[in-house]
Amino acid sequence: MADKFRIGKYEFASRLMVGTGKYPSNEVMKAALEASGAEVVTVAVRRVNLDRTGESMLNHIDPKYTLLPNTAGCYTAEDAIRTARLAREALDTEFVKLEVLGDEKTLFPDNEALLVAARVLVKEGFTVLPYTNDDPIMAKKLEDIGCAAVMPLAAPIGSGLGIRNPYNIRIILETIKVPVIVDAGVGTASDAAVAMELGCHGILMNTGIAGAKDPVSMARAMNLAVEAGRLAYLSGRIPKKLYAAASSPLTGLIE
């Protein structure tokens, strides 16, 4: 219970953060969120009705969750800044996942524009979680301007390819002090476990759960994988060796 997940002023028990898009129905989404054990739920500001007085996905999200609005679908710094400000006014939160995309085909981040937007939002008091590529230099720049965490992609959004470059993730973990949250590319429970075993502080995922044949069961699997991976990391794995090492003692044997 002492192993809390801290992002800026926020503190959570669960290290799994989940999205709300692509589910077959709101009922399935609600059940999957519950099964995931997540405390943070992200919503795309540009794709949901922020007015709770009418029909809105927000009406199907339990108030117990901490909402993390995101700027998905923004392709310029100006658009991302405007969207974050809208989310702050509508949802009464300065918590934001910042996305500034480079193109519609790859959905890779535009890191130059990301830095511009992050600087502005940090100065305005936002708790900024930027979606970026797995570049240690960019991660350090984002930390230096005051971002509360860094969210490197494991693989392209929605690809389910898992961590393509674990070595870069390890370098990022060694380079910065703020939390590292893997975002995008996690396809199954083993991908989540690998990310946590590397030492990542958390994972945000959507498609890996929502796109599964059974989203609710997959949400539970991801929950368990994140917990197992974190525990394995804290436990300290044995070093890898080229040759065998006997598991039974070789001294003190009775002749």
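The values are calculated or read from the model by the stated rules, or taken from the named source; none is laboratory data. Quantities reported herein were computed from a predicted structural model and do not represent experimental measurements. Cβ: placed from backbone, ideal geometry, glycine included. Neighbour counts: every protein chain shown. For the accessible areas, the whole protein counts, side chains as well, though only heavy atoms, and no ligand, DNA or RNA atoms are used. Shrake-Rupley method; radii C 1.70, N 1.55, O 1.52, S 1.80 Å.
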I'm told A212 meets every condition in (1) in contact with a helix residue (DSSP H, G or I) (Cβ under 6 Å, 6 or more places away or on another chain); (2) outside any loop (DSSP other than H, G, I, E, B); (3) open to solvent by less than 40 Å² (accessible area, probe 1.4 Å) except one. Can you identify the failing condition by its number?
(2)
Taking segment 216-248 as the region of interest, how many residues are surrounded by 12 or more Cβ atoms within 10 Å (Cβ to Cβ) and either β-branched (V, I, T) or out of contact with any strand residue (DSSP E or B) (no Cβ under 8 Å at 6 or more places or on another chain) (or both)?
15
Let me spell it out: the conditions are (1) within 28 Å of A32 (Cα to Cα); (2) open to solvent by less than 20 Å² (accessible area, probe 1.4 Å), and L107 meets all of them except one. Which number is the exception?
(2)
Looking at (1) of a type in the set (D, E, K, R); (2) open to solvent by 40 Å² or more (accessible area, probe 1.4 Å); (3) touching a helix residue (DSSP H, G or I) at 6+ places or on another chain (Cβ under 8 Å), which is the one condition that is false for D191?
(2)
Test of understanding: among A44, A77, A113, which residue is of a type in the set (A, V, I, L, M), open to solvent by less than 20 Å² (accessible area, probe 1.4 Å) and in contact with a strand residue (DSSP E or B) (Cβ under 6 Å, 6 or more places away or on another chain)?
A44
Which condition from (1) surrounded by fewer than 22 Cβ atoms within 10 Å (Cβ to Cβ); (2) farther than 14 Å from N133 by Cα; (3) in contact with a helix residue (DSSP H, G or I) (Cβ under 7 Å, 6 or more places away or on another chain) is the one that M205 breaks?
(1)
Given A118, A195, A90, A113, which one is part of a helix (DSSP H, G or I), in contact with a Ser or Thr (Cβ under 9 Å, 6 or more places away or on another chain) and in contact (Cβ under 8 Å) with a residue 24 or more places away in the chain?
A113
Among (1) farther than 27 Å from M218 by Cα; (2) open to solvent by 70 Å² or more (accessible area, probe 1.4 Å); (3) at pLDDT 95 or above; (4) under 19 Å from the mean Cα position of the chain (by Cα), the one test that K9 misses:
(3)
